[in-house]
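Trainee: Handing you this structure, nothing more for now.
The values are calculated or read from the model by the stated rules, or taken from the named source; none is laboratory data. In this text, all values refer to a predicted model and were calculated from it rather than measured experimentally. Here Cβ is always computed from backbone atoms with ideal geometry, including for glycine, and neighbour counts include all displayed protein chains. In case anyone asks, the SASA skips ligands and DNA or RNA and just uses the protein heavy atoms, side chains included. Shrake-Rupley method; radii C 1.70, N 1.55, O 1.52, S 1.80 Å.
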There are 2 protein chains.
Amino acid sequence: MDRSHTFLIVGLGLLGGKYAQVLSGKGYRVTGIDTDESAVAYALEKEYICAGAARDFEALVQSADRVIFAVYPTALLEWVGRYGSLFAPGTLITDVSGVKRGVVGPVQAALPEGVEFIASHPMAGRETSGITHSAEVDFAPANFIITPTEQNTPAAIDWCRDLARALGFARISVLSPAEHDRMIGYVSQLCHAIAVCLMCASDNTELARYTGDSFRDLTRIARINDKMWAELFLWNKDNLIGEIDMFSASLAELRARLADGDRAGLEEMFRLSTKRREAFDKK
Amino acid sequence: MDRSHTFLIVGLGLLGGKYAQVLSGKGYRVTGIDTDESAVAYALEKEYICAGAARDFEALVQSADRVIFAVYPTALLEWVGRYGSLFAPGTLITDVSGVKRGVVGPVQAALPEGVEFIASHPMAGRETSGITHSAEVDFAPANFIITPTEQNTPAAIDWCRDLARALGFARISVLSPAEHDRMIGYVSQLCHAIAVCLMCASDNTELARYTGDSFRDLTRIARINDKMWAELFLWNKDNLIGEIDMFSASLAELRARLADGDRAGLEEMFRLSTKRREAFDKK
């Protein structure tokens, strides 16, 4: 990527802070804004950004030509509706949102002519949040998904791919917003829903001393940022409900075989799960 | 433990092999039997045991005074019914079974006068099976649960605790068979049922390239020994069905809040799961 550009990070939280840290560390000029003054102060102090503001940020917006939105989807839509006209023509914008349908089209429609939004999703979440934890985020083993629409230019997609490479992601993929949301409903959201429900089902905290790796691995993601995940679930409601229904049907089938004492039927499910799980090891 | 005793391992699989390996390594005299001649040959070749047999093992049984059953619960019950009378008075016996009610009482009842069965469960399973994988088993971070009944003597419980220490387990607990089975239904069996159903629900193996740590952690245990886990599930059917029902009710509640667009209700579940999960970190 061209080092003459100025990156603006909108939202200096866990991921916004990490983007700022990595890009500044690579010699890019990075500025940042956040409604929380202490996040801006932290980013300045750590030299994640060279300039920042919590208000009166119009000049920062106008002087940036590469922008990364690292805020929740609802905040992204609101922000673009309110300040989108400030962007200079030629500005390229991406985001970090974990859901894409319902976000990408409206953002693209709200931006002025000549300003391009190319959506992407860095799959590098953690159980923590906030810029003070940014340094713990590791992009090296993670997936980066670019989700273009018909409105996007090849040049913008290339820039987004270059950005992902500069950030150090392991694998970069291109999916449509719809494909992305279906995928994320299964590999991420359904897993989080299950982990949450394992904890909510009953208060078994007295059993903590007996747990082994299986249980702890399964429930690690039950520590969850409540505001962000409510957003992600609600924006992808249809896909996630579909996944929950398919999973629940499978669990009901296992329960029925168990209740019937159907040993062969249980063994059949175990062999199928073993076979399918092998595909997820080979990568 | 007294090194004048001879340990007999009945069942030279993953765990039986590991018990033999560790005890032989510590200077105990260990013999072993298994219906599979190649497992016996492997144990002899690796010096996990100093004598072994796949048949005509009466002399080995009669000359042992400390016995560990490392076979499935059904096989344990059959074996004791058939050969239990061979044990010499004073013999102490334990097992490795992952379920206890329904096993411990009948085994105790089937043994001759003066032969004591003190049940225990080393919580150190793996996705692999067979003695050729025994060396990979690690007892150091694992729990060891002793499940005495009213038939057991303090001396036998002490011996079982000494055995667990010699094997190197991190934590040793004493629970009744009923408490054990309730605990294992939640911390282990429900987790395995969920992982299996995540794989059986639909064929999403094409999504493997997009998965991150959360998904892989959640489904690691979907690679499962079909025969053993059908046994474990069926022997603990009532507890596991109860756990599945509580979990399913929680998932149905989450689904309902999602379908209703109930943001506050989802956030409430996420805060509860986060709070409860913290208890499982502190250990």
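Matching residues to (1) modelled with pLDDT under 95; (2) crowded, with 22+ Cβ neighbours inside 10 Å; (3) of a type in the set (Asp, Glu):
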| residue | (1), (2), (3) |
| --- | --- |
| B:ASN204 | yes, yes, no |
| B:ALA252 | no, no, no |
| B:ALA256 | no, no, no |
| B:ALA279 | yes, no, no |
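Trainee: Condition (residue is open to solvent by 20 Å² or more (accessible area, probe 1.4 Å) and hydrophobic (A, V, I, L, M, F, W, C)) applied to region A:16-28: is it met by at least one residue?
Mentor: Yes.
Trainee: Is it the case that some residue within region A:242-252 is touching a residue at least 12 places away in the same chain (Cβ under 8 Å), within 7 Å of chain B (Cβ to nearest Cβ) and within 26 Å of the chain's Cα centre (by Cα)?
Mentor: Scanning region A:242-252 turns up at least one residue that is touching a residue at least 12 places away in the same chain (Cβ under 8 Å), within 7 Å of chain B (Cβ to nearest Cβ) and within 26 Å of the chain's Cα centre (by Cα).
Trainee: Another question, if that's okay. Please identify the pairs in which a residue from region A:211-222 that is in contact (Cβ under 8 Å) with a residue 40 or more places away in the chain has its Cβ atom under 6 Å from the Cβ atom of a residue that is surrounded by fewer than 20 Cβ atoms within 10 Å (Cβ to Cβ), counting only partners at least 6 apart or on another chain.
Mentor: From residues that are in contact (Cβ under 8 Å) with a residue 40 or more places away in the chain, there are no pairs.
Trainee: With (1) within 17 Å of A:VAL10 (Cβ to Cβ); (2) touching an Asp or Glu at 6+ places or on another chain (Cβ under 7 Å) as the list, and A:ALA156 as the residue in question, which single condition is left unmet?
Mentor: Condition not satisfied by A:ALA156: (1).
Trainee: Continuing with the same structure: What are the residues in region A:206-225 that are under 18 Å from B:HIS192 (Cβ atoms), among the polar types (S, T, N, Q) and modelled with pLDDT of 85 or more, if any?
Mentor: A:THR219
Trainee: Could you check, for region B:210-219, whether at least one of its residues is at the interface with another protein chain (Cβ under 7 Å from one of its Cβ atoms), open to solvent by less than 20 Å² (accessible area, probe 1.4 Å) and in contact with a Cys (Cβ under 6 Å, 6 or more places away or on another chain)?
Mentor: yes
Trainee: Kindly check whether there is at least one residue in region B:182-200 that is in contact (Cβ under 8 Å) with a residue 24 or more places away in the chain, at negative phi, more than 10 Å from chain A (Cβ to nearest Cβ) and in contact with a His (Cβ under 9 Å, 6 or more places away or on another chain).
Mentor: no
Trainee: Listed residues B:SER173, B:SER120; which is free of Cβ contacts under 8 Å to residues at least 60 places away in the same chain and closer than 24 Å to B:PHE57 by Cβ?
Mentor: Just one listed residue meets the conditions, B:SER120.
Trainee: Being of a type in the set (Phe, Trp, Tyr) and over 30 Å from A:ARG182 (Cα atoms) is true for just one of A:TYR83, A:TYR72, A:TYR19. Which residue is that?
Mentor: Within the list A:TYR83, A:TYR72, A:TYR19, the selection yields A:TYR83.
Trainee: Turning to a different aspect of this structure: Please work out if A:THR132 is in a helix (DSSP H, G or I), of a type in the set (S, T, N, Q), more than 17 Å from A:LEU23 (Cβ to Cβ) and more than 7 Å from chain B (Cβ to nearest Cβ).
Mentor: yes
Trainee: For region B:7-28, what are the residues that are aliphatic (A, V, I, L, M) and closer than 15 Å to B:GLY52 by Cβ?
Mentor: If the condition is that a residue be aliphatic (A, V, I, L, M) and closer than 15 Å to B:GLY52 by Cβ, then B:LEU8, B:ILE9, B:VAL10, B:LEU12, B:ALA20, B:LEU23 are the ones that fit.
Trainee: Out of the residues in region A:161-174 that are part of a helix (DSSP H, G or I) and under 15 Å from the mean Cα position of the chain (by Cα), state the one that is surrounded by the fewest Cβ atoms within 10 Å (Cβ to Cβ). Let's see the steps before the verdict.
Mentor: The initial filter retains those residues of region A:161-174 that are part of a helix (DSSP H, G or I), namely A:161-167.
Filter once more, so that each one left must be under 15 Å from the mean Cα position of the chain (by Cα): A:164, A:167.
Details: A:ALA164: 23, A:LEU167: 20.
The selected residue is A:LEU167.
Trainee: Return yes or no: is B:GLY32 among the small types (Gly, Ala, Ser) and open to solvent by 30 Å² or more (accessible area, probe 1.4 Å)? Full working, then the answer.
Mentor: Working: among the small types (Gly, Ala, Ser): yes; open to solvent by 30 Å² or more (accessible area, probe 1.4 Å): no.
When the stated conditions are applied, B:GLY32 does not pass them.
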